[in-house]
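A quick write-up on the structure given underneath.
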Amino acid sequence: MISLLEIIYMLIVTGIIGFIFMDIIFPRRDMFFYKKRFDWKQFGFATLVAAPGVIFHELAHKFVAMAFGYQASFSVFWFGLFIGVFLKLIKSPFLIIAPGYVKIFAANIAPLKSAAIAFAGPFVNLCLWLGSWIVLSKATNLKRNTAVVLYLTKQINMILFIFNMIPIPPFDGGKVVLGLVKAIF
């Protein structure tokens with residue numbers, strides 16, 4: 001179902017996402033010239049908060065494609081990871097990261113199936129966003145760290161959902177719209 005190579009790719013993506021986000025979640029005065037030693041706790045916390053939204057997003061594409069009978073494989077988008085690390089290192093005020101993708105091995109995918117596969121990733125982000133929001137709004141005695149994790153999970157997945165649902169290719173939203181339009185017309 002998930003190959004060893006895919007697991008290695010997911011670990012690489014997870015680690016780099018944690019590295020990129022650790023300075024966003026825990027800002028430093030000088031992010032380019034590190035005077036402080038690498039903080040493994042900050043890295044672990046940033047990884048815990050930022051990586052699941054990306055990894056689960058891509059796995060949703062993979063598993064929905066497989067449910068439709070297609071072979072699908074997770075892969076690293078090396079250039080997208082490079083852009084994310086580069087923007088972090090130059091202290092860019094905005095972040096663009098496209099760390100991975102799912103390759104579907106099929107000559108022709110039916111339009112509605114294509115739309116469903118494309119929507120599966122953002123749907124995971126929507127669930128994580130709304131789930132975190134509901135827990136934060138309903139829970140009365142959360143520990144501080146739990147509340148921070150939920151708040152950051154909510155924010156990151158909200159951005160991932162909105163960004164991925166932009167209705168222009170190559171975003172998932174563009175693929176959803178294109179699949180629905182092809183199915184209707």
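Details
- Set against the labelled values (i) 17.6, 59; (ii) 17.6, 68; (iii) 15.4, 47, Rg and Dmax of the Cα atoms in Å computed from this structure falls on (i).
- Charged-residue dipole, Cβ positions (Lys, Arg, Asp, Glu), the chain about Cα centre, Debye nearest 20: 520 debye
- Subset of Lys41/Lys154; Lys91/Lys143; Lys88/Lys143; Lys62/Lys113; Lys41/Lys62; Lys41/Lys88 violating a 23 Å alpha-carbon distance limit: Lys91/Lys143; Lys88/Lys143; Lys41/Lys62
- Vicinal HN-Hα couplings computed from phi for the range 149-156 (Karplus, 6.51 cos²θ - 1.76 cosθ + 1.60; Hz; Gly/Pro x): 4, 5, 5, 5, 4, 4, 5, 5
- Most mobile listed residue (Leu81, Leu142, Leu150) in the chain, GNM with C-alpha springs under 10 Å: Leu142
- Mean ellipticity per residue at 222 nm, deg cm²/dmol - from DSSP H runs of n ≥ 4 across the chain, formula -39500 (n - 2.57): -23000 deg cm²/dmol
Bear in mind that the values in this text are calculations on the coordinates, not laboratory data. Just so it is clear, the structure is predicted and the values come from calculations on it, not from any experiment. Cβ coordinates were reconstructed from backbone atoms using ideal geometry, including for glycine residues, and neighbour counts include every protein chain displayed.
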